[in-house]
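The next block holds one structure in the form of structure tokens; read it before the comments.
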Amino acid sequence: MAEPADWIADFLCEQVLPAAYRGTIQTVAEPLARRLAALSAGRRGPVIAGVCGAQGSGKSTLCEALARLLRRRGLRVAVLSLDDLYLSRAARAELARRIHPLFATRGPPGTHDIDQGLSLFDDLAGTGGVVLPRFDKASDEPAAQGVWPLVQAPVDLILFEGWCVGAQAQPLNALAAPINRLEHDQDPEAVWRTAVNAALSGPYQQLFDRIDHLTLLRAPSFEVVADWRTEQEEKLRQSRQAEGLGPGQTMDPAAVRNFIQLYERLTRHILATLPDLADLVIDLAPDRTMRMAGPAGSRR
């Protein structure tokens, strides 16, 4: 087996990460991997480790580093993103018709296939091959099943990441006043945000209740999220260009700022409430440098 420095160098190159991310692996990912491995020791069935973080916070990259570290310890690991459970455009169009037009746009609770997520958790605890869904954000549709990765169950640990993983619903009285221009103009009667909140308090809690350990990547503020999300879109465009593809459904900076208004209410709510509910909080600087903030509250 290669020395740790070798795999880290390869990982940084593969993920197009700065050399400074080596420090994140050593001071954040490695201690968290040890913690998760200890939870898995002697357990029957997989540990489900949730990782919550705002858009562009680096949760996918952190989970990939964690997966590498845990596999080096001999654990069987599956990585699942809440984003990969998004409904198709046709399914969201039906929600938009029945409930509110804003459900046509992916993102908030109500736009994911929760039953699929629950089934995947069960399948990964069983035996045999399990294909993990992938969602293509550039086409705004689930990716072709031919590119879905296959993992062999049972696994020891599931890394489950997403922007609202582990979030709790808001009190109903908090929904009355719009939080931004989008809510003011497009949801004046609070129909959409009430439906989002109901989804979060119902089906999504069935999924989140399966989580054994929750880590929060705490952004310094909601305001930096637009910059992070803009960087994500630019990387997606560059990736598609390198593959000889068009821009697809990627967004320019102005479109990103409109898009993240869909996420603003719940992102602010998460930043205010989840630090007291998560098992571990990792603080992010505006440049997404990570620092362990230590154990947080207990969800149990």
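No lab work stands behind these numbers, since they all come straight from the coordinates. Since the structure is predicted, the reported quantities are computational estimates derived from the model, not experimental observations. So basically every Cβ, Gly included, is an ideal-geometry build from the backbone, and we count neighbours across all protein chains shown.
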Open item on the list: Largest first and in whole Å, what are the equivalent-ellipsoid semi-axes of the stretch 4-295 based on the Cα gyration tensor, each being the root of 5 times an eigenvalue?
Closed with: 29, 22, 21
Task: Inter-centroid distance (Cα atoms) of the stretch 86-107 relative to the stretch 1-73, Å - done: 34
TODO: Provide the per-residue ³J(HN,Hα) series for the stretch 122-129, in order, calculated from phi with Karplus coefficients 6.51, -1.76, 1.60 and θ = phi - 60°, each as a whole number of Hz, with x at glycine and proline positions.
DONE: 5, 5, 6, 8, x, 9, x, x
Open item on the list: Could you sort the peptides 170-178, 281-289 by per-residue average Cβ neighbour count (10 Å cutoff), highest mean leading?
Closed with: 281-289, 170-178
Open item on the list: Whole-Hz ³J(HN,Hα) for each residue in the stretch 184-190, computed from phi via Karplus 6.51 cos²θ - 1.76 cosθ + 1.60 with θ = phi - 60°, x for glycine and proline: what do you get?
Closed with: 5, 8, 9, 9, x, 9, 6
Open item on the list: Please list, in order along the stretch 142-148, the HN-Hα scalar couplings obtained from phi with the Karplus expression 6.51 cos²θ - 1.76 cosθ + 1.60 (θ = phi - 60°), rounded to whole Hz, x for Gly and Pro.
Closed with: x, 5, 4, 4, x, 9, 5
- [ ] Restricting to the chain, compute how many DSSP beta bridges are antiparallel as a %, nearest 5.
- [x] 40
